[in-house]
Amino acid sequence: MIRILVTGGTLDKEYNQLNGELVFTKTHLSDILVQAKCRAEAAIETVMLKDSLFMGDEDRQLILARVLAAPEDKIVITHGTDTMPETARVIGAADTGRTVVLLGAMVPYSFVNSDALFNLGCAFSAVQLLPPGAYITMNGKVFSWDNVRKNRERGEFETLR
């Protein structure tokens, strides 16, 4: 069983036709798993629906608490890409004894050409194959929690060294 902790981010945003903003209304994880024809057993837990730019230390501690409280030892976390490395560092430094993989999307699931399905698929594979620790997977790459950053100019994740 894989525990999915939903925390928000672009993956779950939708376009509000009234004001043109991207907003949260619900998580799309159940729909994504159906569309991807995922056969791995998963339990979805919505922790928050928040843009990661607005996450603080208390939010990261809540996410860590939910990781520690999960009965599963394989955990996937949906997260906004802007501060995903910061959350990965909190979880990685805690040495939870679990395999935790964070992922996000540059384009919302509800939009055409979203990277959400691919990134979630990579996360599901990674969480089942990697040893305990914290990781980020984006765009077909897997990064350790202590060796990753978001390159905002290129719009992708890369290693620090």
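Numbers below:
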| item | result |
| --- | --- |
| Spatially proximal lysines relative to Lys74 (Cα-Cα < 20 Å; intrachain offsets below 8 disregarded) | Lys37, Lys141 |
| Cross-link reach list, lysines versus Lys13, counting only Cα pairs under 17 Å and skipping chain neighbours closer than eight places | Lys26, Lys50 |
| Furthest towards positive pole of dipole, Val90, Gln128, Pro71, structure part segment 1-140, Cβ charges | Gln128 |
| FRET efficiency, 1/(1 + (r/R0)^6) with R0 25 Å, evaluated for Thr159 and Asp57 via beta carbons | 0.50 |
| Exposed GluC sites (Glu not before Pro) absent - longest run of the chain, DSSP non-H/G/I/E/B, at most 14 other C-beta within 10 Å | 42-152 |
| Kirkwood-type radius of the chain, with distances r between different C-alpha atoms, in Å | 15.5 Å |
| Rounded to the nearest 20 debye, dipole of segment 2-152 from Cβ charges on Lys, Arg, Asp, Glu | 340 debye |
| Estimated distance in nm for a label pair at Ile44 and Phe24, the labels positioned 7 Å out from Cα along Cα-to-Cβ | 1.4 nm |
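Readers should treat all values here as calculations from the given coordinates under stated rules, not as data from a laboratory. Worth saying up front: this structure is predicted, and the values here are computed from it rather than measured. Cβ atoms come from the backbone with ideal geometry, glycine included; neighbour counts cover every protein chain shown.
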